[in-house]
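Just below is one structure, and these are the notes that go with it.
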Amino acid sequence: MRDILSELGIEATNSGASAGGFFDTHGEIIESVSPIDGKPIAKIRQATAEDYERAMQVGLEAFATWRTLGAPKRGEIVRQIGHALREKKEALGQLVSLEMGKIKVEGLGEVQEMIDMADFATGLSRQLYGLVMQSERKFHRMTETWHPLGMVGIISAFNFPVAVWSWNAFLAAVCGDVMIWKPSSLVPLCAIAVQKIADRVLAANGCAGVMTLVIGPGSSVGQRLLDDKRIPLISATGSNQMGERVAMSAAKRYARTILELGGNNALVVMGDANVDMALRSVLFGAVGTAGQRCTSTRRLLLDKSIEKTFLPRLVNAYKQIKIGDPLDPKTLMGPLVDKSAVADMMKALKIIKEQGGEILYGGKELSGAQYPGGCYVEPTIVLARPDMPIVREETFAPILYAIPFSGGVEKAIEIQNNVPQGLSSCIYTESLTNAERFLSAVGSDCGIANVNVGTSGAEIGGAFGGEKETGGGREAGSDSWKQYMRRQTQTINWSGELGLAQGIQFG
Ligand code: NAD
């Protein structure tokens with residue numbers, strides 16, 4: 001592991017801020033601890049308010065030139081960052097596993113997502129199209145042009161320690177924005193490694209300071225960022241509690257937000273479904289990343305006609321899951337991110353039992369020499385009712401609520417939609433009518449709705465995000481880029497006479 005850390009430039013004690021390069025920070029030292037074995041990996045000296053200010057100043061200075069480069073030129077620099085990520089994919093993917101705990105293929109997948117995002121943003125840099133509209137006035141032309149916004153604040157969660165930054169950073173960069181990133185303090189080394197890769201490319205292109213980083217507590221450094229009038233857009237990924245704070249602080253100063261908050265994602269299996277496919281999909285959706293994806297499958301809505309055959313097979317599949325070191329290629333489920341995540345899961349299981357849920361499989365914390373560090377748990381299946389209050393909440397752990405239903409696709413949609421969150425949803429069915437209803441205006445109310453594709457594992461080409469308490473933001477593909485720019489409607493009069501709209505004659 002030491003080789004990987006040194007390849008990525010991680011030292012025993014690291015600075016927690018970069019603005020055109022890492023500089024000496026002055027905050028308290030925190031330790032990054034691996035959930036694999038509970039052992040410290042390295043130390044980070046966090047940023048203070050003064051350090052934050054330094055990063056902000058450098059970023060704002062960089063904006064003055066960055067916004068004047070042609071977007072394709074900015075795209076070329078993002079392409080180079082993507083290339084640099086390709087070179088470090090193996091090391092960075094392993095660091096994600098080491099610091100966050102997801103299995104190695106998922107860590108590598110996260111870095112691949114960054115690379116895909118760089119490719120996407122590079123292509124996009126030649127397609128930031130505006131519109132030309134017909135003017136009602138003679139010899140006038142109306143256009144809609146997109147301009148850079150300025151400084152974008154990026155707050156990211158622990159569970160996607162590198163990819164979520166790239167969804168935002170690469171779009172913002174080609175759009176002509178500069179940015180300040182505040183990552184989760186649970187995964188600071190991933191952020192430092194990524195920032196070092198980006199810093200090198202930016203410096204080589206004479207654009208140091210376009211992407212800046214500050215590591216510090218949400219309550220101080222994070223809150224400062226939320227209240228900073230120099231930041232017109234905050235893109236925040238994390239819990240609903242955090243999202244509420246972001247929304248309120250931003251609203252007070254008329255800033256825009258992109259909120260990517262909690263999910264409570266349902267996978268519906270109809271009686272006519274391809275059961276083998278559905279089963280594999282549930283397994284990946286509920287157990288992948290140890291249930292710590294915003295899109296993790298949390299509710300399994302099972303047509304009663306197949307309940308008795310499906311659930312025993314699912315329990316059997318759960319029994320085969322190898323839990324342990326995420327860097328071991330045989331492992332399917334690594335640890336939770338820290339001990340407090342384990343405590344939260346155990347607390348949720350107690351409440352589940354009080355509310356009448358029946359544990360069909362799992363539910364235990366794993367200990368002993370095979371499970372060092374105290375963060376390993378059994379993935380858990382609970383036979384549940386949709387009216388149990390806890391089923392409406394997001395517990396960020398591998399707990400799957402199996403909810404049998406009867407009443408056809410209409411009933412499934414009703415249960416699926418009856419939660420406060422609206423991120424991801426899917427239906428397994430061979431019926432065109434069921435599928436179309438699920439995707440229609442009377443179907444799923446989520447930002448993501450799939451047919452015969454699970455709730456998690458979205459591609460970057462689509463706009464990613466969710467409705468209701470998930471926050472309404474959209475990141476990554478499609479036209480998400482528009483949120484990182486300001487739209488200007490421009491009217492040009494070449495008639496030589498002053499013409500007013502709506503035929504108004506004035507004076
Ligand atoms: P969290 O809310 O605890 O932390 C997220 C980030 O917010 C961290 O960087 C944290 O330091 C920061 N933060 C906390 N308080 C702040 C404040 N007052 N001001 C500014 N920043 C503050 O979330 P987490 O535990 O890291 O991540 C898990 C949550 O993230 C889950 O709810 C999950 O569903 C959600 N998530 C959503 C998406 C999505 O796209 N919808 C993606 C990933 C994760």
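Observations
- With respect to the stated conditions, Leu95 is touching a Cys at 6+ places or on another chain (Cβ under 7 Å) and either of a type in the set (Phe, Trp, Tyr) or assigned to a helix (DSSP H, G or I) (or both).
- Among the residues making up the range 415-446, those that are of a type outside the set (D, E, K, R), open to solvent by 50 Å² or more (accessible area, probe 1.4 Å) and under 20 Å from Gly271 (Cβ atoms) are Leu432, Thr433, Leu439.
- Of all positions in the range 274-293, none carries a residue that is in a strand (DSSP E or B) and buried (at least 16 other Cβ atoms within 10 Å of the Cβ).
- The one condition in (1) under 28 Å from the mean Cα position of the chain (by Cα); (2) open to solvent by 10 Å² or more (accessible area, probe 1.4 Å); (3) modelled with pLDDT of 95 or more that Arg385 fails to fulfil: (1)
- Residues in the range 109-127 that are open to solvent by 10 Å² or more (accessible area, probe 1.4 Å), touching a residue at least 24 places away in the same chain (Cβ under 8 Å) and assigned to a helix (DSSP H, G or I): 7 in all.
- Subset of the range 40-62 [open to solvent by less than 20 Å² (accessible area, probe 1.4 Å) and hydroxyl-bearing (Ser, Thr, Tyr)]: Tyr52
- Selection from the range 330-373 of residues that are among the small types (Gly, Ala, Ser) and closer than 19 Å to Asn159 by Cβ: Gly334, Ser340, Ala341, Ala343, Ala348, Gly373
- Those residues of the range 78-108 which are surrounded by 23 or more Cβ atoms within 10 Å (Cβ to Cβ) and of a type in the set (S, T, N, Q), in sequence order: Ser97
- Entirely in the range 203-269, the strands (runs of 3 or more DSSP E) that have 1 or more residues that are more than 29 Å from Lys43 (Cα to Cα) and open to solvent by 40 Å² or more (accessible area, probe 1.4 Å): 256-260
- Number of the condition not met by Gln483 [criteria: (1) closer than 30 Å to Leu108 by Cα; (2) in contact with a helix residue (DSSP H, G or I) (Cβ under 7 Å, 6 or more places away or on another chain)]: (2)
- Residue match in the range 479-502 (condition: within 13 Å of the ligand (Cβ to nearest atom) and either open to solvent by less than 60 Å² (accessible area, probe 1.4 Å) or under 30 Å from His140 (Cα atoms) (or both)): yes
- Asp37 part of a loop (DSSP other than H, G, I, E, B) and either open to solvent by less than 30 Å² (accessible area, probe 1.4 Å) or under 27 Å from Asp338 (Cα atoms) (or both): yes
- Tally of residues being of a type in the set (Lys, Arg) and closer than 23 Å to Ser239 by Cα across the range 350-395: 2
- Top-ranked residue in the range 161-190 [being of a type in the set (Gly, Ala, Ser) and within 14 Å of the chain's Cα centre (by Cα); ranked as most open to solvent (accessible area, probe 1.4 Å)]: Ser184
- Odd one out for Gly150 among (1) within 15 Å of the ligand (Cβ to nearest atom); (2) surrounded by fewer than 24 Cβ atoms within 10 Å (Cβ to Cβ): (1)
- In the range 348-364 there is no residue matching the filter, namely being within 16 Å of the ligand (Cβ to nearest atom) and closer than 13 Å to Gln292 by Cβ.
- Being within 30 Å of Val33 (Cβ to Cβ) and either at pLDDT below 95 or more than 22 Å from the chain's Cα centre (by Cα) (or both) is true of Thr380.
- Selection within the range 429-470 - among the hydrophobic types (A, V, I, L, M, F, W, C) and touching a strand residue (DSSP E or B) at 6+ places or on another chain (Cβ under 7 Å): Ala435, Phe438, Leu439, Cys446, Ile448, Ala449, Val451, Val453, Ala458, Ile460, Ala463, Phe464
The values are calculated or read from the model by the stated rules, or taken from the named source; none is laboratory data. Small disclaimer: the values here were computed from a predicted structure and weren't measured. Neighbour counts are summed over all protein chains in view; Cβ atoms, including those assigned to glycine, are modelled from backbone coordinates with ideal geometry. Only protein heavy atoms, including side chains, enter the accessible area calculation; ligands, DNA and RNA are left aside. Shrake-Rupley method; radii C 1.70, N 1.55, O 1.52, S 1.80 Å.
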